[in-house]
Amino acid sequence: MIQIEELEVGYGRSVVLQGLSMAAEEGRITSIIGSNGAGKTTLLRAISGMVRPRRGSIAVRGARLERMSPREIVRLGICHVPEGRQVFPELTVAENLRLGAIAVGSKVDEARQQALVFTYFPRLAERRGQLAGTLSGGEQQMLAVGRALMAAPDVLLLDEPSTGLAPKLVQQVFRIIRELNRREKLTVLLVEQNPRLALQLADYSYVLVNGRIAASGSADTMESEAIVRSFYLGSAGHGGDAPACPAVVGLGKEQGD
Ligand SMILES: Nc1ncnc2c1ncn2[C@@H]1O[C@H](COP(=O)(O)OP(=O)(O)OP(=O)(O)O)[C@@H](O)[C@H]1O
Ligand SMILES: [Mg+2]
């Protein structure tokens with residue numbers, strides 16, 4: 001569904017993505033795993049039209065996105081849930097949700113989408129009149145995902161939805177993402193720093209190191225801790241025998257709730 005070839009993206013004189021190629025299959029969850037500064041957010045921003053690639057191509061169902069505006073890309077059914085949630089704190093939950101629908105104009109049935117969002121996130125229904133800035137971190141994350149769902153997307157781009165959430169809440173948010181993928185047939189591209197979480201959720205994963213894909217595979221093949229660990233820690237600047245960073249310890253050993 002998403003086909004990226006030889007993508008080069010940079011800011012000023014720096015090159016962040018250096019000829020990145022990858023694909024995300026329709027109806028699947030694909031994850032991009034990488035450490036701080038690897039270029040994960042830059043990749044999602046390039047797909048959603050917020051930064052222009054210098055070279056390469058991004059195609060979604062055959063449509064080329066590189067020259068499209070963010071608005072045109074949203075209208076194609078591609079919605080980005082940005083890093084750090086970025087809800088509008090002075091607006092209520094319901095008003096934040098409305099903005100998600102307004103982004104695509106008359107294309108969506110707002111009432112129907114809101115009902116769908118409230119089915120998946122009943123907490124948002126209870127708090128629809130509350131200012132978004134006073135929601136807890138987890139509730140804000142749910143609102144950020146809910147706002148994207150208001151646009152009735154086919155593709156959801158998720159930037160580190162686990163950040164700042166307690167493990168139990170992360171499991172809850174991830175369970176909902178999987179349900180959306182299965183029941184609403186959403187194609188999901190998930191960016192994560194935590195490889196254990198990403199592999200647990202995704203059907204297929206890519207490891208991004210310094211703007212390039214260093215490894216890829218299904219959870220089964222990537223389960224081999226050594227593979228991900230070597231790429232991941234290599235990118236983080238550790239030596240071979242350096243202590244593993246906490247995110248990598250326990251890879252493949254799923255934590256219970
Ligand atoms: N607007 C910008 N101007 C200049 N440099 C930028 C800009 N945005 C990102 N960068 C740089 O690009 C590189 C990749 O950043 P990016 O945000 O894509 O990384 P990331 O993989 O999402 O990291 P994190 O896990 O910390 O969110 C970093 O070195 C960053 O400093
Ligand atoms: Mg990022």
Next item on the list: Go through (1) under 19 Å from residue 108 (Cα atoms); (2) open to solvent by less than 10 Å² (accessible area, probe 1.4 Å) one by one and return the number of the condition residue 158 breaks.
Entry: (1)
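Would you please name the residue that is nearest to the chain's Cα centre (by Cα), looking only at residues in segment 184-197 that are closer than 19 Å to residue 165 by Cα and away from ligand 1 (no atom under 12 Å from the Cβ)? Talk me through it step by step, then tell me what you get.
Kept after step one, since they are closer than 19 Å to residue 165 by Cα, are these residues of segment 184-197: 190-197.
Next, from what is left, pick out any that are away from ligand 1 (no atom under 12 Å from the Cβ): 190, 195-197.
Values: 190: 3, 195: 13, 196: 15, 197: 12 Å.
Among them, the one singled out is 190.
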Item checked: Boolean, residue 102 is open to solvent by less than 10 Å² (accessible area, probe 1.4 Å) and either more than 16 Å from ligand 2 (Cβ to nearest atom) or within 25 Å of residue 15 (Cα to Cα) (or both) -> no
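Just one of 65, 91, 97 is modelled with pLDDT of 95 or more, outside the structural domain of residue 147 (by TED's automatic domain parsing) and either buried (at least 22 other Cβ atoms within 10 Å of the Cβ) or away from ligand 2 (no atom under 16 Å from the Cβ) (or both); which is it? Walk me through it before giving the result.
Numbers: 91 fails: outside the structural domain of residue 147 (by TED's automatic domain parsing); 97 fails: outside the structural domain of residue 147 (by TED's automatic domain parsing).
None of the other options fit; the residue is 65.
Out of everything in segment 77-116 that is of a type in the set (S, T, N, Q) and part of a helix (DSSP H, G or I), what residue ends up being nearest to residue 165 (Cα to Cα)? Please lay out each step first, then the result.
Here is the first cut: in segment 77-116, the ones of a type in the set (S, T, N, Q) are 86, 92, 96, 106, 113-114.
Applying the additional criterion that residues be part of a helix (DSSP H, G or I) yields 96, 106, 113-114.
Working: 96: 21, 106: 34, 113: 26, 114: 24 Å.
Looking at the filtered set, the residue picked out is 96.
Can you find, within segment 35-59, the residue that is modelled with the lowest pLDDT among those that are on the phi > 0 side of the Ramachandran plot and within 16 Å of ligand 2 (Cβ to nearest atom)?
Applying the first criterion (on the phi > 0 side of the Ramachandran plot) to segment 35-59 yields 37, 39, 49, 56.
Applying the additional criterion that residues be within 16 Å of ligand 2 (Cβ to nearest atom) yields 37, 39.
Details: 37: 91, 39: 95.
In this case the residue turns out to be 37.
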Next item on the list: Sort out which residues of segment 172-217 are away from ligand 2 (no atom under 16 Å from the Cβ) and among the hydroxyl-bearing types (Ser, Thr, Tyr), and write them in order of number.
Entry: 187, 204, 205, 216
Notebook entry, point to check: If a residue has to be assigned to a helix (DSSP H, G or I) and either over 14 Å from residue 92 (Cβ atoms) or among the polar types (S, T, N, Q) (or both) to count, how many in segment 124-164 make the cut?
Noted result: 10
Note to self: Considering only residues that are buried (at least 24 other Cβ atoms within 10 Å of the Cβ) and not small (Gly, Ala, Ser), which ones fall in segment 202-215?
What the structure shows: 206, 207, 208
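Here is a yes/no grid of residues against (1) farther than 22 Å from residue 133 by Cβ; (2) touching a strand residue (DSSP E or B) at 6+ places or on another chain (Cβ under 8 Å):
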| site | (1), (2) |
| --- | --- |
| 43 | yes, yes |
| 46 | yes, yes |
| 51 | yes, yes |
| 54 | yes, yes |
| 64 | yes, yes |
| 78 | yes, yes |
| 82 | no, yes |
| 95 | no, no |
Check: Among the residues of segment 30-76 satisfying the criterion of being of a type in the set (S, T, N, Q), touching a helix residue (DSSP H, G or I) at 6+ places or on another chain (Cβ under 6 Å) and part of a loop (DSSP other than H, G, I, E, B), which is farthest from ligand 1 (Cβ to nearest atom)?
Finding: 48
Next item on the list: Would you be able to say whether some residue in segment 111-122 is surrounded by 15 or more Cβ atoms within 10 Å (Cβ to Cβ), among the basic types (Lys, Arg), away from ligand 1 (no atom under 16 Å from the Cβ) and farther than 21 Å from residue 197 by Cα?
Entry: no
Notebook entry, point to check: On the given criteria, is residue 185 touching a Gly at 6+ places or on another chain (Cβ under 7 Å) and either buried (at least 18 other Cβ atoms within 10 Å of the Cβ) or more than 21 Å from residue 207 (Cβ to Cβ) (or both)?
Noted result: yes
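The values are calculated or read from the model by the stated rules, or taken from the named source; none is laboratory data. Since the model is a prediction, treat every value here as computed from it, not as a measurement. Heads up, the Cβs are rebuilt from the backbone with ideal geometry, glycines too, and the neighbour counts pull from every protein chain shown. Areas reflect the complete protein model, heavy atoms only, side chains present, ligands, DNA and RNA absent. Shrake-Rupley method; radii C 1.70, N 1.55, O 1.52, S 1.80 Å.
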